[in-house]
Amino acid sequence: MTAVKTTAWMVLLFPLAGTLVIALLRRFLPGRAPGWIGTLAIAGAFASAVATFVNLRALGEEERQVRAVAWDYARTVGVDAQISLLVDPLSVLMILVVTGVSMLIHLYSVSYMASDRGYTRFFAFLNFFVFSMLLLVLGGNFMMIIVGWAFVGAASYLLISFWYRRSTATAAGIKAFVINVVGDMGLVIGTYFIFRGTGSLDFLTTFERAGDAFSVNQGELVAGCIGILVGAFAKSAQIPLHTWLPDAMEGPTPVSALIHAATMVTAGVYLIARMHPLFEQAPAAANVGAIVGCTTLLIAATIGLVVTDLKRVIAYSTMSQIGYMIMGVSAGAYVAGLFHLMTHAFFKALLFMAAGSVIGAMAGAQNLDRMGGFRRAMPFTFGCFVIGGLALSAVPPFSGFFSKDEILTYVGSRGDFYAVLAILGYLGSLLTAVYTFRMIFRAFLGDPVPEARELEEGHLHHAEVHTNPANGEVEDTDVGFPGPDHHIAEREATMKVAMGVLAVLAIVGGFLQIPGVTHALESFLEPTFADSRLFEEIEPSGTLEYGGLVLGGALGLLGIAIAYLLWVRQPARPAALRGRFAGLHGLFVRKWFFDEIINTLIVRPFAWFGRFAQAVFERVVVNGLFVGGTSGMVRAGSSAVRAAQSGFLRYYAALLLLGLAGMGLYFLLAAS
């Protein structure tokens, strides 16, 4: 067990050391040195994660829940807060995915961000982000996970608003931070209710006591689990706390890959899976999670059909796929949900990297309406995009085919309203294939745009005037803006290596869990979910499993065929459909009016209250009565005292006599 504890702490120490080295030595690091230091730091964390996996596998199944305690932070009045880690199959799976994919994103960023004046700052932030996520998934108690949760929110703000001279980027960073603080509050409040019942902050102790401390669906437990769900929904961009996610595309493309693939948005899925003993004791709260996940995946898929910003299409696909995971782990399909978390990290990071390559060829432009014909100019990027798209669309034998359909099979096998959720999930699968290949066909097929023709001739396009892709504002290329140069995978070895590895993983990653053939992931995770009733009970029949695979694969192929018909064979048809279904199209384009609703019901009232508090309460009451009133009384008293100090002895004698007379009168009255 000592080896497990040592390597687990090393997983955290490597990215923390990378952050400090890059930040403190930033003035002395030449060229791309910060990028390589950051990449090597995450590579060290990945190697430590692999060593932790090997050491944990060497233990017996009953011993694969290891507490690694550094010291007691607080042990008084019933609080048992420790600086501790929980190393078990679930946390090891998460650190393998986080460090492995993050390492490839760092490698990609070495070239992608090379011309940016904030290059050193970028890798310091990136290492800190990975450290925060690893702290979150390795934390062994509620205190540790709350700290990691807050760190991830802070790191996301730094990275989303990395180009801080863009007004759209700073606004997006603030929006993400504020919504995540709402989630932080939910997590803290949920922790309070659970701690009040179990008397412990330690995860394993809490889970052991939960059955005795709470009855099924007891009010305090349901309230605590709902608070946890609020935290999960905010971090994983589930309705209604999802509006920050598309705006997060204001950050550099590697940031989008990191947030959407391996780190931030998967935190909510991990949290629900980690808290499974509590949610099984509070099925009402678990049902809320499943319903919200299903609703999110459908709404995000419909928006993805009409968005024209390349990165935002992929962002909405992330929101949709996280919906599948949230629905899965909330319904008790823990292994299926975590399996999709793993495969999604592979193909979603690949899609964002490929999108970054296309955006580089477009000199920073992200609008699909301006793209087309890049297939011949960028064959490697095109191949990676197609592989990622096929995996996302759940086409066999790509990884998403096995993981997404396993969620739907397990959810459907529970019966009741879960069967309805599974049917809606299959509808979302069809929409996923449509919007994914709409994006691919529009960017790579058709007549080459001028940028594609220029690239075919051997020249990478560079815009004479740099503009913000969100609003068209003219920008310079100084600090706080994107750099002047752009990079594509066809010309950068580090980008090509990172994308190539992810492409292979997107193809073969699903083979870990083939129904009736392999169960490697389920066997590995079994010790974590050994206390779960649903883990043993939910066992879909072979007919349902294989039938679900056939249905899912068919829907994926059908969606690709629909996209090909609409955007390749009959490119005029989408415009006709928009005119025919103008109301529906408007609903999707306006993102179901969530931004407007939140702005009307929450943002404006709070802004008005803030202005009122500043103009009336603070100025009149605080400054006028308390601050101004107190100081006024002091000034008045001081003036009276100064007036009395005339310097004449007779005045002082008269005041003394008056004082003595007053005291005598007081005692005479008191005696009578």
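The values are calculated or read from the model by the stated rules, or taken from the named source; none is laboratory data. It should be emphasised that the depicted structure is a prediction, and the values quoted were computed from it without experimental measurement. Reconstructed Cβ throughout: ideal geometry from the backbone, glycine too, with neighbour counts over all protein chains shown.
In the range 515-530, the residue that is farthest from N55 (Cα to Cα) out of those that are surrounded by 15 or more Cβ atoms within 10 Å (Cβ to Cβ) and touching a helix residue (DSSP H, G or I) at 6+ places or on another chain (Cβ under 6 Å) is P515.
Between V92, V69, which is part of a helix (DSSP H, G or I), closer than 22 Å to V130 by Cα and in the same structural domain as M144 (by TED's automatic domain parsing)?
Working: V69 fails: part of a helix (DSSP H, G or I).
Checking each option against the conditions leaves just V92.
Set side by side, the residues S161, S215 differ, and just one is more than 14 Å from the chain's Cα centre (by Cα) and surrounded by fewer than 17 Cβ atoms within 10 Å (Cβ to Cβ), which is S215.
Kindly check whether there is at least one residue in the range 268-277 that is touching a Lys or Arg at 6+ places or on another chain (Cβ under 7 Å) and closer than 18 Å to S91 by Cα. Within the range 268-277, one or more residues are touching a Lys or Arg at 6+ places or on another chain (Cβ under 7 Å) and closer than 18 Å to S91 by Cα.
Scanning the range 396-408 for residues that are in contact with a Leu (Cβ under 6 Å, 6 or more places away or on another chain) and either of a type outside the set (D, E, K, R) or over 18 Å from C294 (Cβ atoms) (or both) returns F398, G400. All of L601, L555 fail the test of being modelled with pLDDT under 90, within 30 Å of the chain's Cα centre (by Cα) and either surrounded by fewer than 14 Cβ atoms within 10 Å (Cβ to Cβ) or assigned by TED's automatic domain parsing to the domain that holds G388 (or both), apart from L601. Determine, yes or no, whether S115 is under 22 Å from the mean Cα position of the chain (by Cα) and either in the same structural domain as P252 (by TED's automatic domain parsing) or not in a helix (DSSP H, G or I) (or both). No, not satisfied.
A quick yes/no check of all residues on (1) among the small types (G, A, S); (2) without any contact (Cβ under 8 Å) to a residue 60 or more places away in the chain; (3) closer than 19 Å to G446 by Cα:
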site: D531; (1), (2), (3): no, no, no
site: E539; (1), (2), (3): no, no, no
site: G553; (1), (2), (3): yes, no, no
site: A561; (1), (2), (3): yes, yes, yes
site: Q570; (1), (2), (3): no, yes, yes
site: L584; (1), (2), (3): no, yes, no
site: K591; (1), (2), (3): no, no, no
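Looking across the range 378-396 at every residue that is over 25 Å from the mean Cα position of the chain (by Cα) and buried (at least 24 other Cβ atoms within 10 Å of the Cβ), the one that is farthest from G251 (Cα to Cα) is identified as M378. For the range 14-34, residues that are of a type outside the set (A, V, I, L, M) and closer than 17 Å to L158 by Cβ total 5.
Looking only at residues in the range 522-567 that are in a helix (DSSP H, G or I) and of a type in the set (D, E, K, R), the one that is farthest from S413 (Cα to Cα) is E522. If the condition is being under 27 Å from the mean Cα position of the chain (by Cα) and assigned to a loop (DSSP other than H, G, I, E, B), then the range 474-521 contributes V479, G480, F481, P482, G483, H486, H487, I488. Of the listed requirements (1) farther than 27 Å from T528 by Cβ; (2) surrounded by fewer than 17 Cβ atoms within 10 Å (Cβ to Cβ), G38 misses just one: (2). Of the residues screened, V11 is not one that is under 11 Å from A124 (Cα atoms) and among the β-branched types (V, I, T).
Among the numbered conditions (1) within 30 Å of G483 (Cβ to Cβ); (2) modelled with pLDDT of 95 or more, tell me where R166 comes up short. Unmet for R166, out of (1) within 30 Å of G483 (Cβ to Cβ); (2) modelled with pLDDT of 95 or more: (2). Cβ contacts < 9 Å: first residue touching a residue at least 60 places away in the same chain (Cβ under 8 Å), restricted to the range 39-64; second residue surrounded by fewer than 19 Cβ atoms within 10 Å (Cβ to Cβ) and not in a helix (DSSP H, G or I), any location; separation 6+ or different chain. Result? The qualifying pairs are E61/E526; E61/A530; E62/A530; E63/M1.
Selection of the range 15-26 for residues being surrounded by 24 or more Cβ atoms within 10 Å (Cβ to Cβ) and within 17 Å of L138 (Cα to Cα) yields only P15.
Any residue at all in the range 133-154 that's polar (S, T, N, Q), modelled with pLDDT of 95 or more, assigned by TED's automatic domain parsing to the domain that holds A232 and buried (at least 24 other Cβ atoms within 10 Å of the Cβ)? No, the range 133-154 has no match at all. Of the residues that sit in the range 11-39 and are among the aliphatic types (A, V, I, L, M) and not in a helix (DSSP H, G or I), which one is farthest from Y112 (Cα to Cα)? Result: L25.
Taking the range 47-94 as the range and being among the β-branched types (V, I, T), buried (at least 16 other Cβ atoms within 10 Å of the Cβ) and under 26 Å from Y334 (Cβ atoms) as the test, the residues that pass are V50, T52, V66, V87, V92. Residues in the range 303-322 include none that are more than 18 Å from A261 (Cβ to Cβ) and among the basic types (K, R). Within the range 636-666, restricting attention to residues that are surrounded by 10 or more Cβ atoms within 10 Å (Cβ to Cβ) and aromatic (F, W, Y), the residue that is modelled with the lowest pLDDT is Y651.
The residue list G289, G304, G268 contains one member that is without any contact (Cβ under 8 Å) to a residue 60 or more places away in the chain and in contact with a Ser or Thr (Cβ under 7 Å, 6 or more places away or on another chain), which is G268. Residue count for the range 158-203 under the criterion of being small (G, A, S), in contact with a helix residue (DSSP H, G or I) (Cβ under 7 Å, 6 or more places away or on another chain) and not in a loop (DSSP other than H, G, I, E, B): the result is 8.
Residue pairs whose Cβ atoms lie under 9 Å apart, sitting 6 or more positions apart in sequence or on different chains, and linking a residue in the range 175-188 that is in contact (Cβ under 8 Å) with a residue 40 or more places away in the chain and closer than 17 Å to L159 by Cβ to a partner that is of a type in the set (K, R) and in a helix (DSSP H, G or I), are N180/K235.
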